[in-house]
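**Student:** Following this message is one structure expressed as structure tokens.
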Amino acid sequence: MSEATPHNDIATKQVVYTMPRVCDAIARREIEFLAADGTALKMDVYHPPDSGLDTRAPLVVIIAGYPDAGFERIVGCKFKDMGSTTSWARLIAASGMAAIAYTNREPIGDLHAVLEHVRQNAAALHVDENRLGIWASSGNVPLALSLLMDDAPARVTCAALFYGYTLDLDGATGVAETARAFGFVNPCAGKRVDDLRPDIPLFLARAGKDQMPGVNVAMDRFLQDVVTTNRPITFVNHAAGPHAFDVLDDSHTSREIVKRALSFLRFALDGPASRRRQDTAGAGSHCDASRVPR
């Protein structure tokens, strides 16, 4: 951040939910990876507390759908350094998963560069590249959805999406228009729900009082098609919630939705084998109802 660019107030906002040991997450900062154009960018990797060198944790990548240059001019910091990003990353780590936040220049190509770096360096990063979840919000969601398409190069296990722009369906243009106005990428232009892989569990959180133009119009149509095509989805509507309620609305409902999203990610990333072990465990096991998204 330059001295001429002060932090916007939103840059310092943190998630309204917390949990034990969230401050004990292990953060490895400023790890270099090669961007799509071959230049060096940076990522921060957050690990669960007490992670050992032989641990390969499931991974959640926090998606950045805006170019950092424009984002920093408006907000005052890079996306990976926002309070919301760092606090989500620490919550994910405290929940037993690893999290990655990263810088970018070209959002689409650089996201694929991050995923390729993870694939090639999973052992050194102490992450399980075969248990890959994504988290995205707002204008970052269209880029996240591009990873869930049938033709996506990465094999994503699950996705948690908060108050996000989704797809323009049935001739609508609201997502495309907002992407042009606000500067986020929209790689799913022209795509339909039928283009999504049918096996990826989704967590979709809606802000009932969202003030962003057209976001709920697109989300409601998206949700209708997801349900009609019988895809695995956990949907939560925060009826009184504003846009960015996870950092702006310190209410029981906001905190509960964040908690449920973390449980969803952990449940989905545990994998069928892990869940079978938990389901057949006897008394004294760590399996309990709070692990299952409701």
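The numbers here are math on the coordinates, done by the rules we state, and not lab data. What you are looking at is a predicted structure, and each value in this text was computed from that prediction instead of being measured. Cβ sites come from the backbone with ideal geometry, for glycine too, and all protein chains shown count toward neighbours.
**Student:** Taking segment 69-96 only, how many residues are acidic (D, E) and buried (at least 22 other Cβ atoms within 10 Å of the Cβ)?
**Tutor:** 0
**Student:** To continue, here is another question. Would you mind telling me which numbered condition in (1) more than 30 Å from P213 (Cβ to Cβ); (2) crowded, with 23+ Cβ neighbours inside 10 Å; (3) out of contact with any strand residue (DSSP E or B) (no Cβ under 6 Å at 6 or more places or on another chain) L145 fails?
**Tutor:** (1)
**Student:** Taking the stated definitions as given, is D68 touching a helix residue (DSSP H, G or I) at 6+ places or on another chain (Cβ under 8 Å), free of Cβ contacts under 8 Å to residues at least 40 places away in the same chain and closer than 25 Å to A179 by Cα?
**Tutor:** yes
**Student:** Here is a follow-up. What do you reckon, is D210 assigned to a loop (DSSP other than H, G, I, E, B), buried (at least 18 other Cβ atoms within 10 Å of the Cβ) and among the acidic types (D, E)?
**Tutor:** Yes.
**Student:** In segment 33-60, what count of residues is obtained for those that are in contact with a Lys or Arg (Cβ under 8 Å, 6 or more places away or on another chain), of a type in the set (D, E) and surrounded by fewer than 16 Cβ atoms within 10 Å (Cβ to Cβ)?
**Tutor:** Qualifying residue count for the region: 1.
**Student:** Within segment 122-142, work out how many residues are in contact with a strand residue (DSSP E or B) (Cβ under 8 Å, 6 or more places away or on another chain) and not hydroxyl-bearing (S, T, Y).
**Tutor:** If we filter segment 122-142 for residues that are in contact with a strand residue (DSSP E or B) (Cβ under 8 Å, 6 or more places away or on another chain), which is where we start, we get 122, 125-129, 131-138, 141.
Pick out the ones that are also not hydroxyl-bearing (S, T, Y) and you get 122, 125-129, 131-136, 141.
Selection size over segment 122-142: 13.
**Student:** So is A57 free of Cβ contacts under 8 Å to residues at least 40 places away in the same chain and farther than 30 Å from V175 by Cα or not?
**Tutor:** No, not satisfied.
**Student:** Are there any pairs with C-beta distances below 9 angstrom linking a residue in segment 102-119 that is free of Cβ contacts under 8 Å to residues at least 60 places away in the same chain to a residue that is crowded, with 23+ Cβ neighbours inside 10 Å and of a type in the set (V, I, T), with the two at least 6 apart or on different chains, and if so which?
**Tutor:** L111/V61; L111/I63; L115/V61; V118/V61; V118/I100; V118/V127
**Student:** A follow-up question, please. Given the conditions (1) touching a Leu at 6+ places or on another chain (Cβ under 6 Å); (2) over 29 Å from H252 (Cβ atoms), and given that P58 satisfies all but one, which numbered condition is not satisfied?
**Tutor:** The single condition P58 does not satisfy is (2).
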